[in-house]
Each structure stands twice: as structure tokens, then as C-alpha cells.
1. If I ask for residues that are open to solvent by 50 Å² or more (accessible area, probe 1.4 Å), more than 8 Å from chain A (Cβ to nearest Cβ) and either closer than 22 Å to A:VAL159 by Cβ or among the aromatic types (Phe, Trp, Tyr) (or both), which ones from segment B:147-177 would you list?
2. Can you name every residue in segment B:118-149 that is in contact (Cβ under 8 Å) with a residue 40 or more places away in the chain, part of a strand (DSSP E or B) and among the β-branched types (Val, Ile, Thr)?
3. Out of all the residues in segment A:44-58, which are touching a residue at least 60 places away in the same chain (Cβ under 8 Å) and either within 9 Å of B:LEU48 (Cβ to Cβ) or among the hydroxyl-bearing types (Ser, Thr, Tyr) (or both)?
4. Please find, within segment A:62-86, the residue that is nearest to A:MET126 (Cα to Cα) out of those that are part of a loop (DSSP other than H, G, I, E, B) and under 9 Å from the mean Cα position of the chain (by Cα).
5. Considering each of B:ARG101, B:ARG72 in turn, give the residue that is on the phi < 0 side of the Ramachandran plot, surrounded by 15 or more Cβ atoms within 10 Å (Cβ to Cβ), of a type in the set (Lys, Arg) and in a strand (DSSP E or B).
6. Take the residues of segment A:152-167 that are farther than 18 Å from A:PRO124 by Cβ and more than 7 Å from chain B (Cβ to nearest Cβ): which is modelled with the lowest pLDDT?
7. Residues being at the interface with chain B (Cβ under 8 Å from one of its Cβ atoms) and surrounded by 13 or more Cβ atoms within 10 Å (Cβ to Cβ): count how many of those fall in segment A:54-67.
Amino acid sequence: MNLQKHDAETEMQMDMTPMIDVVFLLIIFFMVITDLTQQDLEDLQLPLAQQASPDKPKADEWRPIINLKHTGEMIIKRNKYFDPEVNTGPKKYEDLRTQLLSMANRMKKAPLAEGSTKMVPDEPLMIRADESTAFRYVQDIMEQCGDQTISIWKLQLAVSVPDPNAK
Amino acid sequence: MAKRKGNLLVSLAKEECKLEMTPMIDVTFLLLIFFMCTLKFKTLEGKLAAFLPKDVGVNTSQAEPKEKIEIRMDVKNPGNKVRPGAGRTPYTKDDEDKRLRYVYDDSRVITYSIGAKKTTDLKEVETTLRAFYKQDSTRPATIDPRKDIINSDVVGLLDVALAIGFTDITFVGSYEK
């Protein structure tokens, strides 16, 4: 009987430390694997501009972004859809077109003009081009966007903002 | 009396000395890892809005279409390719094969043509555009980048035009191959 009483007293002292350890580990684990927001953005050197509006996307916001490297490679969500060294010939933009089309389908639509029944995508496509990228690649993307089936007409050019703390 | 008090102090001190540090270190390390994982060195990014010509069908409005200011950009001197960073070492054939990043050095010169006016100075472009803007602030502008113009050239000009106040800026689609 004495032994039982003793046991009951010791069991009351629950050690919380391992539980907290495990909980923290789980939090870190899920935070690391769900951090997909940065997947859109390639590591690029963007051109500098003073007049840019700050870009603060919401954490769970879907944004159509095309990354354009200095070599002309076009990358969407870590996947390459165009490489000037690989994709040549008249159908070289076929993969990119498919991507642009699915982006256009996901975008909100608005009438083409007042009173028009034709609906066109009304959200901007962001082009993140490296500062040394030949502009003809940007123009090529613009040309694909202007296609009748895609008709994305709003664009954003990503730039880097001068550091306010500098100077 | 004094002896008894001393004994009590000794026994109290002995008990308090047993501080288990291991869980605290565990938790501290976990917090450290947690903040290291969540900390992001965010670079400041911005965006410049631009629009492509929208096909609006037949124009039924009575307003007279405004004449666009066309700014043509040509490369006068492409400049030398250098490796980015402080060293500014020349960009070699080997770098090109590896597809490493490059930038152009200060010898790069662009010719801007606005109507009959030709200049290589972006400041002069600004003065010219500002004069146009004073005459009519709603006049649309078109940027026509030609062969070998790079992204930062266009963004530099776009930045100047936006700073003056131009809102209707479009790009010429066709590219001279």
C-alpha cells in the first residue's frame, strides 16, 4: 500500500521537455517543406530602378512569374521551358506557349473593351529578367503573350530597388 | 543554534546545485535552428508596370488618336563583357561555355533617337521627354529597342520616363533580326 502511494506521486511529475522537443522539430520540419513561395524566384541580378512600386506578395498568393536568365533560358517554378541552345526552329516556343496558356486560363478575366463580350486575362504577368539579358527575349515573351489564344496584356518587369540604407 | 543553522544552509545549497542543463540546451539549440531556418535575407524587389497593345477591335470613339513619342534605342558601343563583382575581371570564352553571369562595363554606349534628335546621354533624353510632357501630359510613349539592347538599358529608360510622369508606355513588338 505504501508502494502504491509512492508511485502515484511520482507519476504526477510529467517531463514536458521531450514533448516540446518533438513539437518544435515538427514545426521546423513543416516550415521547411512548405516554404514554396521562393520557388517562383530564381537567383537573378535584376536591373536597378528608382520608380518601382514595392513588390509585397501575400504568402499564399498565386502569381504568374517567368524568370529569364542572362542566357535567355526561361524558367517557371524551377522548370525550364525555353533554352536558346536547345529549343530552335519554328516551334521553339511551344513549351512556353503551353505554360502561358495555362497561366492565362487561371487569371481573372475582364471584358476586352467596354461592351465587348470577349474576355481577356486581367492580371499581370511578371517578367523577372536578369539585367544582362538581351531584350529580344523579353520581346519574344511579349509576342507570345499577345497571341490571340493567350492575350495576356498586363506585364510587370521585376527590378531591384536601391538600398535605402546605402549612402 | 549557530551550528544548526549552518547545517541547514549546507543541505539547501547541496539540493539547489542539481540543475539539469540538458533540456535547456536542447530547447536553446532547437530555437537557434528554428530562427536560422526562418530567417531570410530578403532582397528588395520592385516592379515596373508595362502594357502590351490590346486588340480593341474597331475604334468607334471620335477622339483623334494622339501621336506617339517614339524612342528608338540602338547599341552604339556594346562595351566589354566583364564578370560581375568588385574585381571586374574580363569575361573569357571559358566563362561563356560555362554560361556564367556577365555584365557590361562602363564603355557601353546606347544611342537614343526621339524623332530627329539623337543622343547618347540619358540626361538629355530626360530633358527632351520632359519638354514633351509639359506640352501634353497624356501623350503616349513607345520604346523601340533594337538589336543587342539588354534588359537594364530598357529598364533605365523606362525608369526615366516613369519619373517624368508618363503613364502610357508601350513597347514595339517586332524585333529586327
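The values are calculated or read from the model by the stated rules, or taken from the named source; none is laboratory data. The model shown is predicted, which means the values in this text are computed figures rather than measured ones. When we count neighbours, we look across all protein chains shown, and the Cβ atoms used for this are built from the backbone with ideal geometry, even at glycine. Keep in mind that these areas ignore ligands, DNA and RNA; they rest on the heavy atoms of the full protein, side chains included. Shrake-Rupley method; radii C 1.70, N 1.55, O 1.52, S 1.80 Å.
1. If the condition is that a residue be open to solvent by 50 Å² or more (accessible area, probe 1.4 Å), more than 8 Å from chain A (Cβ to nearest Cβ) and either closer than 22 Å to A:VAL159 by Cβ or among the aromatic types (Phe, Trp, Tyr) (or both), then B:THR167, B:ASP168 are the ones that fit.
2. Across segment B:118-149, the qualifying residues are B:THR142, B:ILE143.
3. Within segment A:44-58, A:ALA49, A:ALA52 meet the criteria.
4. A:PRO64
5. From the options B:ARG101, B:ARG72, the qualifying one is B:ARG72.
6. A:LYS167
7. The total comes to 1.
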